[in-house]
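The values are calculated or read from the model by the stated rules, or taken from the named source; none is laboratory data. Note that this is a predicted model, so its numbers are computed, not measured. Positions of Cβ are generated from backbone atoms using ideal geometry, with glycine treated the same way; all protein chains shown enter the neighbour counts. Areas reflect the complete protein model, heavy atoms only, side chains present, ligands, DNA and RNA absent. Shrake-Rupley method; radii C 1.70, N 1.55, O 1.52, S 1.80 Å.
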Amino acid sequence: MTTSTAKQQDIPTFDVAIIGAGLAGSLCAKQLSSAGLSVCVIDKSRGSGGRAGSKRISDTSSCELGAPYIFASHPETKALFKNLVKNGVAAQWKQISSKQIPGFVGTPKMSSLTRHWLDQVPFITSTKVQQMDRFLEADGQLVWLLRNDQYQACAKATKVIIATPAHQAAMLLATHSDLAVLLLRANQACKQYQSQWAMWLETQPSDLNAIIELKDSPIQRMIKDNYKPAREGAEVDRWVIQASPEWTAQHLDQDKQWVAQALQQAFAEYTEQRVRQHGDPHRWFFSRYTENRGNKTYAWAPEHQVGLAADWLCQGDAEGALISALTLTDWIINNPASLQTEL
């Protein structure tokens, strides 16, 4: 994975520029680069993963505050994880798996998945794409010019894939009038989304279940992160606490110290465990979307060579992000000259 910042470059040109280095964007990059297309990925963060990224706790430990695991219920994702397990970057978490629907995690951490997919792909970090301009090159080819939030050019490409939360996709699509059809799809998804507070904490080891779902509590789910395959921390139980969407909505603007105290109190009341240490809560504004149902699990406007791939286009979960990426890239690879809009 070659990383750089936009300021260090001369406006490199690619077949495909992908905005967003989460599950969908990273997998799109892997599929298209494997098909022989030149690809770059641009993300506003310093690393890959997005909501499936990993929070570093110490030199030897991390945890996942966003997507803690991925269930593979479709043949496409089961085949994908079979290959990832073979490559040593994923493992089945047997404690949460059933025979019909296995659950997987990245190893040694969830962000290993996106790092694996981006291994041979140019990756422009710490760059927020804020403007898309289309123009005609000297050779007669139409290309997209992507600009950052300081209006500096960061990449040119004949095709663009936006793989971000719907709100971020909508803001970017709104910068060009020709993309109104895709903007409508993104705006539809923006109407129904959930935010979520999440934090990690550590206790002494216990025999509590690896995953605990709660009702009538500020907490929606508690996950023993150190129970995942290839994780360190047998001397402690490291929990990831995910607040309920309803509680989060009521306390979205509370300061982090207050949120940490409230979630720790709810955790202690249920588990009767004393918290040894904890991290600051993280607020996911766009934690999850209700699935934005359309005819396709992706959106593609071939007349403009722009597409969308994201969880909010398919199932609304981490597996949906992967399916969206797989189906979009399959369309691009197998229908290079099509003029039929796919929505």
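Rounded to the nearest 10 degrees, the angle from helix 256-271 to the longest Cα principal axis of the chain is 50 degrees.
For the pair D133 and D207, what calculated FRET efficiency results from E = 1/(1 + (r/R0)^6), where r is the Cβ-Cβ distance and R0 = 45 Å, to the nearest 0.05?
On the way: r = 59 Å, r/R0 = 1.30.
Efficiency computed from Cβ-Cβ geometry: 0.15.
For the chain, which whole percent of the accessible surface, found with a 1.4 angstrom probe, sits on carbon and sulfur atoms? Please report the intermediate quantities before stating the final value.
Numbers: 7290 of 15930 Å².
Roughly 46 percent of what the probe reaches on the chain is carbon or sulfur.
When peptides 262-269, 66-73, 103-110 are sorted by average Cβ neighbour count within 10 Å, with the highest value leading, the order is 103-110, 66-73, 262-269.
Rounded to 0.05, the FRET efficiency of the F285 and Q141 pair, given R0 = 35 Å and the Cβ-Cβ distance, is 0.40. Here's the list of lysines a cross-link from K86 could span, going by alpha-carbon distance under 20 Å and ignoring same-chain residues fewer than 8 apart: K30, K78, K94, K99, K109, K228.
Taken over segment 60-108, the ratio of Cα radius of gyration to 2.2 N^0.38 Å equals 1.13. When you restrict to C-alpha pairs under 8 Å that are six or more residues apart and normalise by the size of the chain, the relative contact order lands at 19 percent. Rg and Dmax over the alpha-carbon atoms of segment 5-73 stand at 14.6, 43 Å. Dividing the summed helix terms, -39500 (n - 2.57) for each DSSP H run of n ≥ 4, by the number of residues in the chain produces a 222 nm estimate of -8000 deg cm²/dmol to the nearest 500.
Annotation for segment 71-90 versus segment 245-315: alpha-carbon center distance of 24 Å. If the cut-off is 18 Å between C-alpha atoms, which aspartates and glutamates fall inside it for K159, apart from same-chain ones fewer than 8 positions away? Result set, ordered by chain and number: D15, D43, D133, E137, D139, D178, E303, D330, E342.
To the nearest ten degrees, helix 75-86 and the longest principal axis of the Cα atoms of the chain are 70 degrees apart.
Entry comment: accessible area of the chain is 46 Å² per residue, from protein heavy atoms only and a probe of 1.4 Å.
Mind checking the full-extension length gain between S177 and T13? Use 0.36 nm per residue of separation minus the Cα-Cα distance, one decimal, nm. Please report the intermediate quantities before stating the final value.
Working: separation 164, 0.36 × 164 = 59.04 nm, distance 2.30 nm.
Here the segment from S177 to T13 would lengthen by 56.7 nm.
Applying 1/(1 + (r/R0)^6) with R0 = 51 Å to the Cβ-Cβ distance of Y151 and N83 gives a FRET efficiency near 0.80.
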